[in-house]
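So the structure is just underneath, and the comments pick up after that.
The values are calculated or read from the model by the stated rules, or taken from the named source; none is laboratory data. Treat the numbers as computed from the prediction; the structure is a model and nothing was measured. Cβ placement follows ideal geometry from the backbone for every residue including glycine, while neighbour counts extend to all protein chains displayed.
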Amino acid sequence: MFFLADLKEKVLSNGQGKNKQGKKLNYNNIKIIAFDADDTLWQNESFFREAECGFYTLLSQYGAADKLSKELLRTEVENIPLYGYGIKSFTLSMIETALRLSGNKINAADIGEIIKMGRGILGRPVILIDGAEEVLKKLSSKYKLVLATKGDLLDQERKLLKSGISKYLHHVEIMSDKTPQSYKKLLKYLGVEPQCFMMAGNSLKSDILPVLKIGAKAVYIPHSDTWIYERVSCDNLKNKNFTAVEKIKDILNLV
Ligand SMILES: [Mg+2]
């Protein structure tokens, strides 16, 4: 698994960053910058972690939190091809896990509690990451900005509306998954060559590796609450040319 301390890249102030091997990366050709949303522009994962804690308490008779956590993750990952990402998928996975671990003995009231936990996330406020709006505002005068996110369509639309950042965006893409193919499709729609496109996000798996694969640029902005499924092993990062920054404002030193 990846650890943040392994990948602290130096950010220079002359419009370039350095990758882990010390190679200079040039961002001078960039025309379009896309941002991930959850835990890149606004807080998200912490709400899921809180709901999970409630789930572990509810199901404590069926195992300790670490066991329940592994079981829930297994269900969520198995369900991604069927349900995709987001709160609805998470809620169904909690119910499915509860049924499996209880041998279908969990009562209807507890299922109701689980549904309430999922719904509770939908009502959480949209809290922008520190510096996010300032970065979008500054970059929007020079670049076309895109929001490229996974998750539930309605929930992401809700968060975007509440965030107040739509005015800085040229385009919003809510994707079922972030694969090299889906990024290629997005770039084709935007009419931009890969070398002129940059993606910034907190997931190495979804925001960085697939973007590098199609020849575009990527900037990694770690977040302490990134879902374990979105992490990648260090082996997968070998010889990958991207810049990692500590916080979103550091992007202003790259482009
Ligand atoms: Mg994210």
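For beta carbons closer than 7 Å, sequence separation of 6+ or different chains, a first residue in segment 186-201 that is touching a residue at least 24 places away in the same chain (Cβ under 8 Å) and part of a helix (DSSP H, G or I) and a second that is among the small types (Gly, Ala, Ser) and within 16 Å of the ligand (Cβ to nearest atom), the qualifying pairs are LEU186/ALA148.
The residue of segment 207-252 that is nearest to the ligand (Cβ to nearest atom), among those that are of a type in the set (Gly, Ala, Ser) and closer than 26 Å to SER69 by Cα, is SER224. Taken together, TYR85, TYR56 contain a single residue that is outside any helix (DSSP H, G or I) and not polar (S, T, N, Q), which is TYR85.
Of all the residues in segment 211-251, those that are touching a Lys or Arg at 6+ places or on another chain (Cβ under 6 Å) and modelled with pLDDT of 95 or more number 2. Against the conditions (1) farther than 15 Å from ALA34 by Cα; (2) surrounded by 15 or more Cβ atoms within 10 Å (Cβ to Cβ); (3) among the hydrophobic types (A, V, I, L, M, F, W, C); (4) out of contact with any Leu (no Cβ under 8 Å at 6 or more places or on another chain), LEU237 satisfies every one except (4). Considering (1) surrounded by fewer than 16 Cβ atoms within 10 Å (Cβ to Cβ); (2) at negative phi; (3) free of Cβ contacts under 8 Å to residues at least 24 places away in the same chain, the lone condition that ASN104 does not fulfil carries the number (2).
Total residues in segment 144-174 satisfying the condition of being buried (at least 16 other Cβ atoms within 10 Å of the Cβ) and part of a loop (DSSP other than H, G, I, E, B): the figure is 5.
For segment 24-50, give me each residue that is within 18 Å of the chain's Cα centre (by Cα) and of a type in the set (A, V, I, L, M, F, W, C). Across segment 24-50, the qualifying residues are ILE33, ALA34, PHE35, ALA37, LEU41, TRP42, PHE47, PHE48. Kindly indicate whether PHE48 is modelled with pLDDT under 95, within 30 Å of LYS70 (Cβ to Cβ) and within 16 Å of the ligand (Cβ to nearest atom). Considered against the rule, which asks whether it is modelled with pLDDT under 95, within 30 Å of LYS70 (Cβ to Cβ) and within 16 Å of the ligand (Cβ to nearest atom), PHE48 comes out as no. Name the single residue that is farthest from the ligand (Cβ to nearest atom) among those in segment 146-164 being under 26 Å from ASN79 (Cα atoms) and of a type outside the set (D, E, K, R). Across segment 146-164, the extreme among qualifying residues is LEU154. Among the residues making up segment 160-177, those that are farther than 14 Å from LEU136 by Cβ and more than 14 Å from the chain's Cα centre (by Cα) are LEU161, LYS162.
Looking at TYR143, TYR168, TYR183, which one is over 21 Å from GLN43 (Cβ atoms) and more than 15 Å from the ligand (Cβ to nearest atom)?
Details: TYR168 fails: over 21 Å from GLN43 (Cβ atoms); TYR183 fails: more than 15 Å from the ligand (Cβ to nearest atom).
When all the criteria are applied, what remains is TYR143.
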